[in-house]
Amino acid sequence: MNVKVIEEKSGKALKAKIVSKDQIDIHLPSLTDGWRFNFNKHAKKKNYLTFVLYCLNSQETIEGCLIFEMKNKVEPYMAYVEIAPHNRHEKKKLKKVAECLIAFACRLSFIHGKGDYIGWLAFDVIEGKKEDEISLMSLYSSKYKALRLGDSTTMVIPPEGGEQLIDEFLNN
């Protein structure tokens, strides 16, 4: 899927792609590469669909990764999502990577969801510190229209929120 990300320094839109790991010959990132999740390891798990985002002008560099799963064969679940270390904090090179990946996961929830789960994207927010979890859940609520389920760390993006994210980050 073609998407656009924004170069931090110039504000220039760059053409990018989200593709299945099976469509590209590239080493998936892991902890030893400075990532928080070991995508190389998790991508081998049964029933996980792994996707990478890269810019067309530098296909050898992964800008972000997503692992999508269908829980119980009916419920869309975003198991892992992460932007590359070089796209975080003060050294951020690109913007809109996470937004494109999460919108893509929402798109997958419409395609693969079954019955009452069509368009609903579930995920868990698990951080080392409780205050970091709360902060991240607040970000997911405000930026991605996610709802928290009770007092748990589980959140869902409802179909209406998913459609908005798809329109904003995938259809433009």
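The values are calculated or read from the model by the stated rules, or taken from the named source; none is laboratory data. Quantities reported herein were computed from a predicted structural model and do not represent experimental measurements. No Cβ is skipped: glycine too gets one built from the backbone with ideal geometry, and neighbour counts run over all protein chains shown. Surface accessibility is based on the protein's heavy atoms, side chains included, excluding ligands, DNA and RNA. Shrake-Rupley method; radii C 1.70, N 1.55, O 1.52, S 1.80 Å.
Observations on the structure shown:
- Charge dipole of segment 1-145 (Cα centre as origin; +1 on each Lys and Arg Cβ, -1 on each Asp and Glu Cβ, all else neutral): 260 debye, rounded to the nearest 20.
- Accessible surface of residue 154 - all protein chains present, 1.4 Å probe, nearest 10 Å²: 40 Å²
- For segment 37-43, the Karplus equation 6.51 cos²θ - 1.76 cosθ + 1.60, evaluated at θ = phi - 60°, returns couplings of 10, 9, 5, 4, 6, 5, 5 Hz by residue, with Gly and Pro reported as x.
- Rounded Å value of the spacing that divides the Cα centres of segment 1-61 and segment 69-113: 10 Å
- Cut-off under 5 Å, modelled amide H: who pairs with residue 8 long-range: 94, 95
- Contact order, relative form, for the chain: 18 percent (alpha carbon pairs under 8 Å, 6 or more residues apart, mean separation divided by residue count).
- Here the mean projected area of the convex hull built on the C-alpha positions of segment 1-124 is 7.6 nm².
- For segment 75-86, backbone phi angles converted through the Karplus equation (6.51, -1.76, 1.60; θ = phi - 60°) give residue-by-residue couplings of 9, x, 9, 8, 6, 8, 8, 7, 9, 4, x, 6 Hz, Gly and Pro being listed as x.
- 13 Å beta-carbon shell around residue 38, net charge (K/R +1, D/E -1): +2
- Helix 130-144 and the long axis of the chain differ in direction by around 80°, with both axes built from C-alpha atoms.
- Helix-only mean residue ellipticity at 222 nm for the chain, each DSSP H run of n ≥ 4 adding -39500 (n - 2.57), per residue, nearest 500: -8000 deg cm²/dmol
- In plain terms, the bigger the Kirkwood radius, the slower the diffusion; for segment 63-172, with that radius from Cα pairs, at 4 °C and 1.567 mPa s, Stokes-Einstein puts D at 91 µm²/s.
- Taking the longest Cα principal axis of the chain as reference, the axis of helix 159-169 is set at about 10 degrees.
- Furthest towards positive pole of dipole, 141, 115, 81, structure part the chain, Cβ charges: 81
- Antiparallel %, DSSP beta bridges [both residues in the chain], to 5: 95 percent
- Pairs from 45/145; 4/44; 15/92; 17/71; 9/95 whose Cα-Cα separation, in the structure shown, is over 21 Å: 45/145; 4/44; 17/71
- Degrees separating the helix 97-112 axis from the principal Cα axis of the chain, which is the longest one: 50 degrees
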